[in-house]
1. Arranged from highest to lowest average of other beta-carbon atoms within 10 Å per residue, in what order do the peptides 75-88, 209-222 appear?
2. Residues in region 302-337 near a label at ARG115, defined as backbone nitrogen under 16 Å from the 7 Å Cα→Cβ point?
3. Using a simple spin-label model with points 7 Å from Cα along the Cα→Cβ vector, what separation in nm is obtained for ALA42 and PHE203?
4. Let me check against my output: what whole-number percent is the relative contact order of region 256-306, with C-alpha pairs under 8 Å and at least 6 apart?
5. Counting Lys and Arg as +1 and Asp and Glu as -1, each charge on the Cβ, what is the dipole of the chain about the Cα centre in debye, to the nearest 20?
6. Using alpha-carbon positions, what is the distance between the centroids of region 174-199 and region 229-272, in Å?
7. Using only alpha carbon pairs under 8 Å that are at least six residues apart, calculate the relative contact order of the chain and give it in whole percent.
8. Can you give me the Cα centroid spacing of region 1-66 and region 129-170 in angstrom?
Amino acid sequence: MSPAGPAHVEQVDPRLEPVLRRWWEVGRDSWLPDRAVDDWPAWEVSRRALPAHNPEREASLYLAYDGDEVVGFGMVILPVLDNPHLAFADLGVLPGHRRRGHGTTLVRDLEQRVRDRGRTTVVIEGYAPPGGTAPCEPFAAARGYEVANEETIKHLDVATYRALREDLVREVAPYARGYRIIGWDTVCPDEHALECSRLLSGFNSQVPLGDLALEDSEWSPARMQEWERRNLAIGRHAFTSAAVAPDGTLAGLSGLRVDDDAPTTGSVGITLVDPRHRGHRLGLALKAAVTDLALEHFPDLAVVETTNAVSNRHMSAVNERLGYRSLERLLELQRVL
Ligand SMILES: CC(C)(COP(=O)(O)OP(=O)(O)OC[C@H]1O[C@@H](n2cnc3c(N)ncnc32)[C@H](O)[C@@H]1OP(=O)(O)O)[C@@H](O)C(=O)NCCC(=O)NCCS
């Protein structure tokens, strides 16, 4: 292959729309050739979301150049309210420019930038077909990254869900007796805000994360409201279903996001059942309820995406029962700097 070119990396200002559009196009063209799933956000979604303030995380965007020519893209996400040691990065090189060292230049540049911000651990997501591999695996291994966790990306065809739904609801009803399933669009009702924060705060320690250096985050009603305000500002509906236990506490919740600008695709957020309330098929009941809620608001919703850790047997069983199909491996590649 040709020797490494004189690549350099420049930060992109997402408030300058033509520049953001260029970044978005290079990202899409670097990202999708290796993917089984087209989950690059729609332009309208990126156009609204990327320049908007995010109280949870700071995002910075980059383009890599070989001389004047754009050859790749990068993005760094720094959590600002928890996990102060962590940085998440995405990067890609346009297919015609690979194996010339640009990926290496990009990853080293992004690592230096996060090191300058005091972060000590970088996590990059890589994707590969089921049972197969992709350039991200040898690349990450060559650059000192380890697979800290492996998840499976799954899609639910809404037509399949509609066909399964009646049997499914009938199946869970006797188990979930005594629990009241409620739901909301984006804004959590005040009377459930404290309980909802309690459940969110315990989430990271309850899902299998492999060796991923992710710590729990502390949620409060105020933090939730900030997050809700951002979702409202960018036209993002964060639907939530929750199970109210007989004593009025929340036994579990499940989330699903749909953007006004991409009304045919949804993306699952967290699903969590409090350990004290497991065994009542609440996971299934909650995921069905939140899918129903999203469908009420977005009747044209066609596909819902989710991921769960390969080792998370219970969640896998729930997703299978709902009709989700496995499409891709998601590798969480981690390096301590
Ligand atoms: C992964 C990716 C960023 C690599 O970009 P690149 O510019 O080709 O990477 P480099 O040229 O710097 O490669 C560095 C080393 O990684 C390894 N490598 C990279 N691509 C490889 C491939 N397809 N097969 C085997 N080894 C590979 C090699 O050891 C290579 O060194 P060498 O060329 O001297 O043998 C690129 O393939 C890509 O954009 N993939 C899609 C997006 C993606 O997967 N992002 C996540 C990255 S972890």
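Here, each number is a calculation from the coordinates, and none is a lab measurement. Keep in mind it's a predicted model, so treat the numbers as computed, not measured. Cβ: placed from backbone, ideal geometry, glycine included. Neighbour counts: every protein chain shown.
1. 75-88, 209-222
2. Answer for this model: 335-337.
3. It is 2.4 nm.
4. This gives 50 percent for region 256-306.
5. Values: 38 positive and 50 negative charges, 100 e Å.
So the dipole magnitude of the chain works out to roughly 480 debye.
6. 11 Å
7. This gives 23 percent for the chain.
8. First find each Cα centre; the distance between them is then 23 Å.
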